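These notes are about the structure you will find just below.
Throughout, read-outs are computed from the coordinates displayed, never taken from laboratory work. From a predicted model like this one, the values you see are computed outputs, not experimental measurements. Cβ coordinates were reconstructed from backbone atoms using ideal geometry, including for glycine residues, and neighbour counts include every protein chain displayed.
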């Protein structure tokens, strides 16, 4: 009976995928996006491919640091060494945990800014190049205006919330498009991890990119993340495939990696390659199963929808699939459902993606996901 039920579920799930063509992205419509503002731009021409509230002035959080990096790399003194001041070491959160007097090269500081989103490193760069944070912020704003970013004003080099500090998705995409042409920027923003040194110390600092899409998708996606409570989740970056580059900017998102993935899939359409199979994540079992911890949660009865991509008898198998999906930028959770009583009681674990207010939006997400992961997908009410 157990095998029969499993086969029935698999058949239904497979049918759900068959009904939605592989690689479909709804290019004649719009992608499902939670962000307050979002935009897709052709990297070659600068033409806007799709937009939502493209000129609305919003807090950009740490996507600000793209302009900080531009000024650093355009300064022509990448190998000059700057000392951390008391003020730079006091900015929170510091990320590098620098101490006053420690010296780093401008190039290493730029790596820290773009990979670790280091606020202290941003202030060191500002003070080193312009003498003060306010003076550097004026240079940032002036450079943005020179690039055509007219809905942007910077008050600091790191993006922490400040009065009069704002940008728009159109401006961020414009700034990022320019940044990709600045020597050194693409190399730095495309680095997953690196160690930098302090000139007057033996200390090494390990840096790691916050960009979860850098090497987790079938196309390379470089970019800069950002988050503050007022700004919510933010991202500006670019995906490249078959000689074409699309720039994506997202501000005020509740589902950053989902929004970014759906936008890029929408922009590239059917030209994207087939996704590698994730079936290996579902294979295998373990003789002992650890207690359910972390993101495991009971199934909810809320009037919303999710996409179920797997059901397992063992939590370890569900977690294996969850990890594989998260590596590709999906927000996957595990729901636990118990049935039977006494010695016949049985617990199964569902791996689910997303929360959608209606079935149509869930269907749209399934179509997008079909181009990314080769898994059966079943829309369920939560």
Extension reserve of the residue 182-residue 201 stretch, reckoned as 0.36 nm per residue once the Cα distance is removed: 3.8 nm
Name the residues of the stretch 250-268 whose amide N is less than 13 Å from a point 7 angstrom out from the Cα of residue 360 along the C-beta direction? none
Test of understanding: what is the full-extension gain from residue 150 to residue 192, defined as 0.36 nm times their sequence separation minus their Cα-Cα distance? 11.9 nm
At residue 339 and residue 44, where each label point lies 7 Å from the Cα along Cα→Cβ, what is the point-to-point distance in nanometres? 5.3
Rounded, prolate or oblate, given the Cα gyration tensor of the stretch 37-271, with a/c below 1.5 counting as rounded? prolate
At residue 56 and residue 138, where each label point lies 7 Å from the Cα along Cα→Cβ, what is the point-to-point distance in nanometres? 3.3
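Can you tell me the FRET efficiency between residue 92 and residue 304 if r is taken as the Cβ-Cβ distance and R0 is 45 Å, rounded to the nearest 0.05? Could the numbers behind the result be given before it?
Values: r = 36 Å, r/R0 = 0.81.
Efficiency for this residue pair is about 0.80.
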Using Cα-Cα distances under 8 Å and only pairs 6 or more residues apart, what relative contact order does the stretch 37-271 have, in percent? 25
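Among 243-255, 341-353, 104-116, how do they line up by average Cβ neighbours within 10 Å per residue, starting with the highest? Show your work: numbers first, answer last.
On the way: 243-255: 22.4, 341-353: 14.8, 104-116: 24.6.
For the peptides 243-255, 341-353, 104-116, the packing ranking is 104-116, 243-255, 341-353.
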Answer rounded, prolate or oblate for the stretch 116-217, using the Cα gyration tensor with square roots of eigenvalues a ≥ b ≥ c: rounded when a/c is under 1.5, else prolate when a/b is larger than b/c, else oblate. oblate
Residues in the stretch 110-135 reached by a label modelled at residue 85 [backbone nitrogen below 19 Å; 7 Å Cα→Cβ]: 110, 113, 118-135
